[in-house]
Amino acid sequence: MTTPLNELDLPTLDTTDPEWATDAYRIVAEARDQHWLARTPNGVVVLSHADHRALITDRRLRTPGIDMLAMQGVGSGVLHDFFGGLLVSLDGEAHMRLRRLVQRAFTPKGIAWLGDTMRDVFAGLLEPAMEAGTVDMVEMVAQYPIPVICTMFGAPPEDWALFSRTAPSVLKLFNPGLVENLPEIEGALTEINEYLDGLIAAKRQAPGDDLFSQLIEIEEGDEGLDHDELVMLAAAILLGGTDTTRMHLANAVAMFCEYPDQWALLRERPELAAQAVDEVLRFVPSISDNFRVAKEDIEHRDVLIPEGTPLMLSILSANRDPEVIEDPDRFDITREGVHHFTFGGGMHYCLGASLAKMELAEAISMLAARVETLEPAGEPEWPAGFSNTWTPTTLPVTLHRA
């Protein structure tokens with residue numbers, strides 16, 4: 001018998017409780033034992049791995065897109081127009097058309113040429129950090145992804161600082177207080193868009209082998225990529241390719257500080273770097289939920305989900321579901337074949353997943369080769385309350401040279 005969602009007796013997760021920030025995994029595990037759904041102050045959340053996997057690929061659901069802005073009072077303007085054109089905001093053929101134009105550049109084969117850049121950039125950050133001895137790893141790793149993604153796009157080194165300065169402002173759109181931060185966000189977006197207009201003009205005059213030059217060729221071809229779409233794609237990839245990688249790398253260092261036996265194992269067996277990256281992504285995802293909205297009335301597991309219902313698909317709960325993952329609260333870099341949702345799933349699986357994994361693997365491999373121990377030099381600071389992004393805000397670490 002099908003039961004309407006609003007009639008279900010579901011566990012409640014109080015994500016406003018200070019305890020949530022320090023004990024979220026225990027709290028969601030207790031709720032998951034009661035039901036595959038729970039209620040929160042922000043809506044209904046899906047807790048189980050199996051249901052997350054089924055719903056994230058269900059075409060009866062769509063991404064929230066600009067609804068996320070409208071719910072916070074942003075119905076027009078620079079941010080509204082930008083967000084509405086992002087891949088994450090588009091579904092169906094509109095999404096697949098844009099994705100097809102760039103996805104080959106983000107395959108493992110398509111990004112292999114960036115390996116030297118990754119190693120050079122990270123070495124340039126690591127050596128001064130080791131000379132200093134004790135550093136805030138959040139500050140250090142923040143500078144790593146930007147030169148890599150800018151090299152991919154053919155942006156000259158003297159322009160990298162612009163993205164270092166503006167990307168954190170734009171990415172405040174995912175944090176609480178959107179309306180208060182709106183002038184800063186839109187100012188940074190305008191600056192990025194104006195810069196990209198100039199870079200497009202320069203690449204038309206002197207094209208190279210970079211992704212931007214390839215996209216300009218598509219713009220001028222028969223596939224219909226117009227100028228606004230080109231700017232939007234470039235801005236989205238430049239922004240999306242920096243912040244999540246930074247957060248994942250900070251999380252990796254935090255976990256290896258907490259589990260020194262796993263750091264010793266990685267140093268002993270450097271071939272485990274790729275598996276270590278996947279385990280970090282599973283164990284402590286930097287994004288807490290994948291969001292979807294019902295496009296129609298949906299029946300799933302004898303529950304009627306009404307049209308228009310927003311659903312949060314909990315990544316942190318599904319990634320530690322004992323129905324699928326053995327001993328899920330154990331951090332183990334030798335795990336193989338675990339399906340996690342940190343990069344989403346279905347049509348909206350993260351375009352840059354292979355790039356992010358490669359960047360992370362290169363970074364932790366270099367760390368493991370040069371740093372014998374990662375010694376905490378103080379308590380890391382994590383978000384104090386509910387946040388869709390989960391990464392340390394400070395992470396003081398003493399690096400002991402191998």
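The values are calculated or read from the model by the stated rules, or taken from the named source; none is laboratory data. What you are looking at is a predicted structure, and each value in this text was computed from that prediction instead of being measured. Using ideal geometry, Cβ is built from the backbone for each residue, glycine included, and neighbour counts are taken over all protein chains shown. Areas reflect the complete protein model, heavy atoms only, side chains present, ligands, DNA and RNA absent. Shrake-Rupley method; radii C 1.70, N 1.55, O 1.52, S 1.80 Å.
Just a few scattered comments:
- Hydrodynamic estimate: the Kirkwood radius of segment 260-309 over Cα pairs, inserted into Stokes-Einstein at 37 °C and 0.692 mPa s, corresponds to D of 229 µm²/s.
- Note on segment 116-221: Rg/Rh from Cα positions, Kirkwood definition for Rh, rounded to two decimals, is 1.05.
- Across the chain, the longest piece that holds none of the GluC sites (Glu not before Pro) lying in DSSP loops with up to 15 other C-beta atoms within 10 Å covers 1-219.
- Principal axis dimensions, segment 290-402 - Cα atoms, whole angstrom, descending: 58, 33, 29
- Gyration tensor (alpha-carbon) shape descriptor, segment 230-345, a/c threshold 1.5: oblate
- Scattering curve values for the chain, log₁₀ I(q)/I(0), Debye with Cα scatterers, q = 0.09 Å⁻¹: -0.56
- Extension gain (nm, one decimal) between Leu304 and Glu372, 0.36 nm per residue minus Cα-Cα: 19.1 nm
- Relative intensity, log₁₀ I(q)/I(0), of segment 1-140 from a Debye sum that treats every alpha carbon as a point, q = 0.10 Å⁻¹: -0.69
- Contour excess over end-to-end distance, with Cα ends at Gln34 and Ala201 and 0.36 nm allotted per residue: 54.3 nm
- Model label zone, Arg60; criterion: amide N under 11 Å from point 7 Å along Cα-to-beta-carbon; scope segment 283-308: 294-307
- Shape annotation for segment 79-168: C-alpha extents along the principal axes are 52, 32, 23 Å, from largest to smallest.
- Computed over segment 165-301, the P(r) curve from all C-alpha pair distances, binned at 10 Å from the origin, holds 9, 25, 24, 27, 13, 1 percent per bin.
- Rounded to the nearest 0.05, the FRET efficiency derived from the C-beta distance between Leu265 and Tyr349 at R0 = 22 Å is 0.15.
- Backbone geometry of segment 293-299 corresponds, through the Karplus equation with coefficients 6.51, -1.76 and 1.60 at θ = phi - 60°, to 3J(HN,Hα) couplings of 10, 6, 7, 7, 4, 10, 9 Hz, x marking Gly and Pro.
- Rg then Dmax, both in Å and based on the Cα atoms of segment 1-69: 13.5, 38.
- Against the criterion of solvent-accessible heavy-atom surface with a 1.4 angstrom probe, Lys295, Lys203 sort, most first, into Lys295, Lys203.
- Glu296 paired with Glu7, simple spin-label distance in nm, labels 7 Å along Cα-to-beta-carbon: 2.2
- Distance from segment 358-397 to segment 189-248 (C-alpha centre basis), Å: 30
- Approximating the spin labels as points 7 Å out from Cα along Cα→Cβ, the Asp228-to-Asp14 distance works out to 4.7 nm.
- Under 12 Å from the Cα of Lys172 - aspartates and glutamates, other chains or at least 8 residues apart: Glu180, Glu184, Glu186, Asp243
- Modelled spin labels at Glu336 and Glu381, positioned 7 Å past Cα toward Cβ, are 4.3 nm from each other.
- In the assembled protein chains, Val148 presents an accessible area of approximately 0 Å² (probe radius 1.4 Å).
- Sorted into 10 angstrom bins from 0, the C-alpha pair distances of segment 196-257 split as 20, 39, 20, 15, 6, 0 percent.
- Equivalent-ellipsoid semi-axes for segment 157-206 (Cα gyration tensor, √(5λ), whole Å, largest first): 26, 11, 7.
- For Met358, solvent-accessible area (1.4 Å; no DNA, RNA or ligand), Å²: 40
- Net length gained if the chain between Thr398 and Asn42 were fully extended (0.36 nm per residue, minus Cα distance): 124.3 nm
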